[in-house]
Each structure stands twice: as C-alpha cells, then as structure tokens.
1. Would the range 463-483 turn up any residue that is in contact with a Lys or Arg (Cβ under 7 Å, 6 or more places away or on another chain) and either within 24 Å of Pro504 (Cα to Cα) or at pLDDT 90 or above (or both)?
2. Consider Gly290 against the criteria (1) surrounded by fewer than 19 Cβ atoms within 10 Å (Cβ to Cβ); (2) outside any helix (DSSP H, G or I); (3) more than 24 Å from the chain's Cα centre (by Cα): it satisfies all of them except one. Which criterion is unmet?
3. Please specify each residue of the range 554-596 satisfying the condition of being assigned to a loop (DSSP other than H, G, I, E, B), surrounded by fewer than 18 Cβ atoms within 10 Å (Cβ to Cβ) and at pLDDT 80 or above.
4. Which condition from (1) under 27 Å from the mean Cα position of the chain (by Cα); (2) under 30 Å from Gln57 (Cα atoms); (3) assigned to a loop (DSSP other than H, G, I, E, B) is the one that Asn280 breaks?
5. Which of the helices (runs of 4 or more DSSP H) contained wholly in the range 1-77 include at least 1 residues that are of a type outside the set (A, V, I, L, M, F, W, C) and in contact with a Leu (Cβ under 6 Å, 6 or more places away or on another chain)?
6. Would you mind stating whether Thr544 is touching an Asp or Glu at 6+ places or on another chain (Cβ under 7 Å), closer than 25 Å to Lys404 by Cα and polar (S, T, N, Q)?
7. Which condition breaks for Gly490 when tested against (1) in a strand (DSSP E or B); (2) without any contact (Cβ under 8 Å) to a residue 60 or more places away in the chain; (3) under 26 Å from Asn536 (Cα atoms)?
8. In the range 364-406, how many residues are aliphatic (A, V, I, L, M), closer than 29 Å to Thr532 by Cα, touching a strand residue (DSSP E or B) at 6+ places or on another chain (Cβ under 9 Å) and in contact (Cβ under 8 Å) with a residue 40 or more places away in the chain?
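The values are calculated or read from the model by the stated rules, or taken from the named source; none is laboratory data. Values in this document were obtained by computation on a predicted structure and should not be read as measured data. Cβ sites come from the backbone with ideal geometry, for glycine too, and all protein chains shown count toward neighbours. Quick note on the areas: whole protein, heavy atoms, side chains included, nothing else; ligands and nucleic acids left out. Shrake-Rupley method; radii C 1.70, N 1.55, O 1.52, S 1.80 Å.
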Amino acid sequence: MFNALKIEPKIKDLPEKPGVYIMKNARGDIIYVGKAVVLKRRVTQYFRSSPKPVKVQAMVDNVDDFEYIVTLTEADALTLEATLIKKNMPRYNILLKDDKGQGAYIRIDLREKYPNMEITRHPKKDAAKYFGPFGGGLSAKSIVRVIKTVYGVRTCPRSMRAARECLDWHIGLCMGPCTGRTDERAYRVAVDRAVEFLNGRSAEAEKIMEAKMNAAAESLDFERAIEYRGLLGMLKGLSERTLADLDIRDADFFSYVTDGLRSAISVMPVRGNKLLPNGNYPSADASESGDALASFLLQYYANNPVPNEVYINLELDTEPLEKCLSELRGGSVHVRVPVRGQKRDLIKTAEENARECIEKAADKELRLREQTFGACDMLCERLHLPSAHRMECYDISHISGTDKVASGVCFIDGSKAAGEYRRYRIKTVEGNDDFHCMAEVLTRRLARAAEGDEKFSELPDLIVIDGGKGQLHAAYAVMKEAGFDIPMVGLAKREEEIFTTTSPDPVVLSRDSAALKLLQRIRDEAHRFAITYHRNTRMKRINTELVKIRGIGEKKSKLLLKAYGSLAAIKELPLEALESTAGMDKISALSVYEYFHGKEDN
C-alpha cells in the first residue's frame, strides 16, 4: 500500500496546472512518469479513486512518494514526460523494446554530389532522406542489394578520388563514380530512379531484374541467375504489399490494446503505398490508454523519422501531440482516427497484431514465472526447504593454485541479482586446495554478516556449493563453526546429483525439472563469474610483469598476451619469434628476450 503519511499532505498542495508527475518507491527509484492536463485532478485519481485496473493498482502499491514539475502547456508536459521516461526507464512506463528488434533504415544524402546508400538503425536529423523501417522478411540489406544490382548506386564511404575501382564495380554493382567511370549527371539519374524505387515504384526494378536473370541464364552463369531469381522473388513480395485503391506516401498506423493487466502497441508503417513490416511493443504501462499511446508516440519518434500522417485507434486530444510531432519533423503532421475504409482496416489489423503480442507476452511471462518463482517452489518441495527466495552459490577458480579467486553470486526469486554478486581474492591458502579456499570464502562472508555489515546482512535461504558430498560437508562444517545454520546443498557436475546435509543419499531430479535447471543456472553463473575474475586477475599480474621490461608498455604487453596467451609461453619464445610478432620491433623483442633469459655473453 502507498505511503499515505507522505502522500496525502502533498496531494492537497498540487496545482491545477499542466505538468509531469514522478512516482517513486521506498528506495527512491523512479517507477513511473506521467503527464497531466491538470496535475491535482490526475494525481488524486491514483490514490483516491477505486477500483483501479490491476496494472495501475500494482504501481500505486509501490509508491512511497511523488514529485511534480509544472509546465506552461500540455504539449510541454508531453515532451518533458518523454524525456524523463527515456532518461529513467521507469518500470511501469511503456519501454520501447520491439519484440522483433529495431527496424533498419536506408539513408541517402541527396545534397552530396555522388550520394551513397548506407544502412542504419539510428536515423538522425541531418537533412538526409531515410527510407524504412525495414525488418522481418524484408531486410534493408536485401533492398540495398537490389538497388546496387539494378541501378549501380554506390554503398562505400570511400573518397571520390579513389586510385582504382572496387570489387562492386568489377562485378557490375556500382557505376564507379569515385574513379570517373560515370559522370555526375548519369549518376544522379540512377540515384533519382533508386529513390523512386524506395518511394514505392518497383515495377521498373522488377523488369530490369528479370532481364538480368534471363541474360545470366542464357550465358550459362547459373550462380548469378539464381541470385537474381532470389532478388526478383523479394521484389515481387514487395509488390504484394502494395495497398490497392489507396494513395498513402508516408504514414504510420498505431493501435493500442490492453486486457486490463498487460498492454501492447502495434505500428504499421506505410511508405510509397507499400506496407512495411510491423513492430509490436508489449508493456505493463500504468497510464490510461490515451495517455499511454501519446507518450509512446513521443518516445517512438525520438528515434524514428516522423511521417506526414499518423493514424491511431483511440480518441484523444491530438492538438498537443500534433504540435510536438510537427516540431520533431520540421513540418506539419496530422494525427487522426480513421472511421471507415482501408485506413480503418489497417488500424483493425494493427489491433489484431497488438492482441497477439499481448498473448505472446502472457505466455512468455508464464514461462518465466515457471523458471523462476515456480522453480523456487518446486525446489522447496523436493528438498524440504522453508524458502528459496534468496540463493547464493560460491565457486573457486585458479590454475594449479596460482591467482586463486572465488565468486559469490546471488539469485532472488529465481532470477539473477547482479547487484548482490561478490568477488573474493584468496588470502590464506597456499597451493591447490579448493576445500580450504571454500572454507576461507564462507568464513569471510559469514563474518561480515555477523559484524553487521549492511552489504552482507541479508542471509541466504539456501547456499549452493559446486561439488559433491565431500565439498558440501566441508563447507557445512565451516558454516556451523561460524555459528550459522543455513540450508546448504551441493550439486555434483557429472551426474547432476543434489547432495543435502540431511540425507546420505543424493536427490536425483529429472533433467527437465525446472528446479534442477535453476540450480544449474546459479552454479554455472558462479562458475562464469569466478573464471572471469580469475582471468582478469591473471592478465593484470602478467601485464604488470611485462610492463616492467624496458620498452614494453601497455600496448605491446597486450599484443604479446593476445598472440601467446600466457607469461609461460612468452618466456619460452626464441628471439626470432618475438621479432616476428605483429607490433613488435627488434629492440623491444630483444628487451623481452633478455629479461627472461639474461644477456648473452659476447
């Protein structure tokens, strides 16, 4: 439940002006950012109106305090909200994470004398033309390949005064303007035709591609003909996306759908009368539907070119949204709700995509819950544990007793809690002795808890040891000696048997068991974290040794380590091998050789 003692007095002081409100949890983390036409009315609704949608109630239950910023207009509030969401990534706001990945764009700067094409996922406001987004079965890379094949537009960023032609020119994929193989006028005609193609006119490209395919087949160049056939098939697929009886040059269609707990937004871009692959964005946003959609649009267009027209499925006050989008575009933008015809059909299709996205998100959430909370419950049941909320696992890493380190990783409710990971450098153990290394690590960890150290104060519900019965009982004895009685298990690698301190026989779980997979994940994570720390420690020691050598600095020491892997290998190298190492000169090579072998007597 929210902190009424803090919040109620602040509600009374809220102004009746537009602005942005910022919800925080007990740790001071920002969990939600929203905009309001009237701050007092909007924020009051969260804490006094009832009942609330499940997702809104979940957010309110975590609110400990809130702040607000007054703005002059609703448009200013909308812009500020988008900025704060992007900066803080609050848990209960829509996050721009497309379930199929960010679409790619094709960039052409027509201001250049000989424009080139490049693929980017991050359009900029640089006056160049961006075409897309492309994704799914219609990749930007394939589109660029078609344009190079048909029109010969260059893709290289090279200087226009190149000494010789590149491979693309030799195989007929570039007109070669950088070496004067074509003049500016002819090249500009090719670029203009490529732009027409990107604007939706693909009939000409299909004819040229089909002619090239037939010519290659007639000349028995079957490999090239097969490539052309594949590109021709992609072109015909692009033609099938043409919207009949509708003239839309540049528009996006957005639909917001919610089931009360989850929500999703689907976007369907239309460019040059052709429907491009859609993007779906699942979310557990705690806003009202209209506010969530408006907020999303500002976030979306912060990273994507703004079209002339934007169509949505919800009735809302579009004036502040149009103002913000027009400023982003540098020209007028119209936001509308279509009521009939093909545009309405596109909105309906986007709604179906959004509903499907919600269903997939629900299935994914269920699978994730089974792997985390469900696996913890199963583990408690099979091992007779009171709780597995917090699990810690420890592992030792070294090479023949050198550079000994240990890792301590933590899982909370079955998921990684990286902020709780700990690294240990072994201080008291000589040689190769994993038992005593583990004893030192557990002793230090539990001693810090006994001393009241806040970073170690929360004890685990279960400690997992990487090893069998011997390692487990040795670690358990150390824990008991420290005055603690925490459930502890050992996971043996070979048979993946689980050893406990309460039975001489191991517990054997099915290989498909979510509980076993959880133990394997935390064991493997501890192993990975320990190896990484050991590698860094060892490389730092070796690097420190090498930079002691006259003429060897950080750069050359890294070159040697990258080439030979270890200090022992470098020590055994003959002078000739050191001299032939990339990045080494004869003087530096001699310094390294003499450091390890001493100066030769003359």
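1. yes
2. For Gly290, the failing item is (2).
3. Hits for the range 554-596 are Glu572, Pro574, Ser580, Asp585.
4. Looking at each condition in turn, Asn280 falls short on (3).
5. 39-48, 54-61
6. Details: touching an Asp or Glu at 6+ places or on another chain (Cβ under 7 Å): no; closer than 25 Å to Lys404 by Cα: yes; polar (S, T, N, Q): yes.
Considered against the rule, which asks whether it is touching an Asp or Glu at 6+ places or on another chain (Cβ under 7 Å), closer than 25 Å to Lys404 by Cα and polar (S, T, N, Q), Thr544 comes out as no.
7. It is condition (3) that Gly490 fails.
8. Step one: of the range 364-406, the residues aliphatic (A, V, I, L, M) are 366, 368, 375, 378-379, 383, 385, 388, 391, 396, 399, 405-406.
If we keep only those that are closer than 29 Å to Thr532 by Cα as well, we get 368, 375, 379, 388, 391, 396, 399, 405-406.
In the following step, the residues that additionally are touching a strand residue (DSSP E or B) at 6+ places or on another chain (Cβ under 9 Å) were identified as 368, 379, 388, 391, 396, 405-406.
Pick out the ones that are also in contact (Cβ under 8 Å) with a residue 40 or more places away in the chain and you get 379, 388, 391, 396, 405-406.
Residues meeting the conditions: 6.
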